[in-house]
Structure formats: C-alpha cells, structure tokens
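Asks: I'd like to ask some things about the structure below.
The values are calculated or read from the model by the stated rules, or taken from the named source; none is laboratory data. All values derive from a computational prediction rather than experimental measurement. Glycine gets a Cβ as well: all are built from the backbone with ideal geometry, and neighbour counts include every protein chain shown.
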Amino acid sequence: MLQKETYFMDPVLKTLGWNAFFGDRFREYAIDHEPGRVSTVNKSGCIVHTKEGVVRARVSGRLRQDGHYPAVGDWVAISRDDSDTLTIQAILPRKTKISRKDPGRAIGEQVIVTNIDTAFIVTSLNKDLNMRRLERYLAVARQSGAESVVVLNKSDLCADVEAKIDDVKAIASDVSVLAISAAEKTGLDKLSPYLQEGKTVVLLGSSGVGKSTIINALEGRGRQKTGEIREDDGRGRHTTTARELLILETGGIIIDNPGMREIQLWDAGDGLDEAFQDIIELAKECKFRDCRHETEPGCAVKRAIEEGTLSEVRLESYRKLQRELLAIERKKNPKLMAEEQKKWKNISRMAKEIKKRKARDI
C-alpha cells in the first residue's frame, strides 16, 4: 500500500492523470487504501490502473447497494484483504463527467466517462457528417466541464475540406475544428497539444467514424480492432464494443468509446445554451424578454432567419433539444410533471367548453 502523502508526487500515478484535485480527496482513504483509475467496467468488476500495474478489482457490496458504480475514468480507493482480493471501496469525486439519459424509456442517468480534460467529437467528412447530430454531441460535451474539439476524420474522402470546416464553424464558432485522415495518417499532429502526459481525451461519435482508427494511427500499430468502410454508405463497420481507458505510448490518455446510436440529453443545462450561443445572443436583442421567436414583433431571431444569417433548421434543432430536456426534467421532478398535467387538463377543459358554446350558437 502507498503510505500517506507518497501518492502526491508518484510519477506512475501522474501519467494516469493523478493531480492535487484527486490527491486532496484521497486523504481520508490514504492509510489503508491505494488509488487506482478505472480502465474498463463489466458485470464482474473493473480493470484498474494502479501504481503497481493493471489489476482486476470487484466493487464493494456497499457501493452496489447504494447504486454507486464506477465509470471509465473514475479514480477509486482500493482495499486489499489477506487473500490479496482487491475491492473498490469508494469512488473519488469527479472533476468532469459526460452523461446521457439511460437508453430506453427509463428515467435515469448513464455516466459515460469521467475525469476527462478534452472531448474529441469525431465525425466523418463523408456521408456521416450531420450538423444536427453534431449540435447534440456539442451540447452534451460542453456540459461536462471539459474542453470540446470537433475532429473531422476521413479528410481524404472529401473534395472540399475547407468548406466543411466552415459549415461546422457556423454552428460552433468558439470550438477548435480539426480535419484529419487517420487512414492516411495526415493531420494527426493537430491532436498532439491535447494528448500530453497526464491529460485525458475521450472520443465521442457515432459508429464507423474512425475512432479506433485514430488511436491506431496515433500509436503507429493496430492496437484497436477496426473494420473496413462499407461501399453503400461510406461508413466504417462498428468494432469497439466497450469503453476502455488507454495509456498512449506517445503520451497522454485516451478513452475509446463505442459508437452511440442514441445520445439523449440528461442534464445539459448551460451546455445547451453554449452549443447555441448564436441564438442566445440574438434573443437578447428581441423586443420582448419572453419572446418565443414565433410571431412576436421585434424578434431578432426571426429577423436573422429572414436575413439569412441564421438557418431555420438550427432554430428548430435548438427547440427540439429544449423540449427533450424539459420533458426529462418533468419526469425527474414529480411536482413539475403534476403542474404540466394540470396545465393540459385545463387546456383540454377549455377547448371542450369552447366547442360546446359554438355548438349551442349554431
């Protein structure tokens, strides 16, 4: 076990992303626990990076009973019993996290990854490039507290890369947009500033955009399994089946992430407004503070659409994500749900009364 205070400056832990933030929060466990960082999670436990190397550890019954399960990227406190069985006894507070609503109808949070410094939102410069999906990923990533970077992969398949970069910049003017080709190993140097020792990057994006190919290109070998591009839609075959935290030989930490068919907002909050900052700024110029950007006079948002400086599809995308987030908040908050149900009951009752009056007048 590590003795109290020796973990602060340990070089191995620093390569795993350890810093004063986690050191301060580990103090209460330092006497009889050791720190580790979760690499993968499965039903039987976790694979964890520690000072001594990579180990397998089970999750304590207390954590499971409380519904607290580690996520990839978590720093944890591990105990070792007389039989050398390793058990995760605590999850240290998270510096950043990326979450989504649990897939399906259940209302719950699914923590995707934690303690990341940068989120690479990866998409392809071919048929996969979808601005509306990119807006959704940006909203989720911005709320995490980490830096967001858009990585446009497969630049070798695009006839006008600069035009596509401009298209992305139109919806994310304050975000770095990097065009690369992992297959051709071009533009990879643009990723280097984010892949420094002790810094963690997560790859987010749908299936087939080349996330695993990027890792292999960075490492110079076939570390992650990849698939060939399909001819019918120009997309790669999905190969990554589990999240995994990898220590790059060239420096830095990267989390490979399976492509997500569904990424619903969970608690985007300010992240949603940050992803649509252009609309937020325009709304400040509207004549009415509570302007809905529909038929109100003096609406700066509608004027921007008429003048061609804002697209109507972007406004509708913002409204759609707002509605989605509000629906989730209502389901999480019984009081809000009850108020919403009461509101629609009143609307329905009034509609029926109006219909009856019209029938009597006839």
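Asks: Please determine whether any residue of the stretch 8-31 is in a helix (DSSP H, G or I), surrounded by fewer than 17 Cβ atoms within 10 Å (Cβ to Cβ) and aromatic (Phe, Trp, Tyr).
Replies: Within the stretch 8-31 (the criterion being in a helix (DSSP H, G or I), surrounded by fewer than 17 Cβ atoms within 10 Å (Cβ to Cβ) and aromatic (Phe, Trp, Tyr)), the answer is yes, since at least one residue qualifies.
Asks: Which residue out of Ala183, Ala179 is more than 29 Å from Ala71 (Cα to Cα), touching an Asp or Glu at 6+ places or on another chain (Cβ under 9 Å) and modelled with pLDDT of 95 or more?
Replies: Criteria check complete, one pass: Ala179.
Asks: Would you point out which residue out of Gly259, Gly269 is under 16 Å from the mean Cα position of the chain (by Cα), modelled with pLDDT under 80 and either on the phi > 0 side of the Ramachandran plot or β-branched (Val, Ile, Thr) (or both)?
Replies: Selected residue: Gly269, the only one of Gly259, Gly269 that is under 16 Å from the mean Cα position of the chain (by Cα), modelled with pLDDT under 80 and either on the phi > 0 side of the Ramachandran plot or β-branched (Val, Ile, Thr) (or both).
Asks: Scan the stretch 304-320 and report the pairs whose first residue is closer than 10 Å to Glu135 by Cβ and whose second residue is of a type in the set (D, E, K, R) and in a helix (DSSP H, G or I), with Cβ atoms within less than 7 Å and a gap of 6+ or a chain change.
Replies: Listed pairs, sorted by first residue: Ser317/Arg132; Ser317/Glu135.
Asks: Quick check on Ala217: is it modelled with pLDDT under 95, in the same structural domain as Glu147 (by TED's automatic domain parsing), crowded, with 16+ Cβ neighbours inside 10 Å and not in a loop (DSSP other than H, G, I, E, B)?
Replies: Spelling it out, Ala217 is indeed modelled with pLDDT under 95, in the same structural domain as Glu147 (by TED's automatic domain parsing), crowded, with 16+ Cβ neighbours inside 10 Å and not in a loop (DSSP other than H, G, I, E, B).
Asks: All but one of (1) assigned to a helix (DSSP H, G or I); (2) within 30 Å of Ala119 (Cβ to Cβ); (3) at pLDDT 85 or above; (4) not acidic (Asp, Glu) hold for Arg303; state the number of the condition that does not hold.
Replies: Arg303 satisfies every listed condition except (2).
Asks: Here is a follow-up. Can you tell me which residue in the stretch 62-109 is farthest from Pro258 (Cα to Cα), limited to those that are surrounded by fewer than 19 Cβ atoms within 10 Å (Cβ to Cβ) and in contact (Cβ under 8 Å) with a residue 60 or more places away in the chain?
Replies: Going through the qualifying residues, I end up with Arg80.
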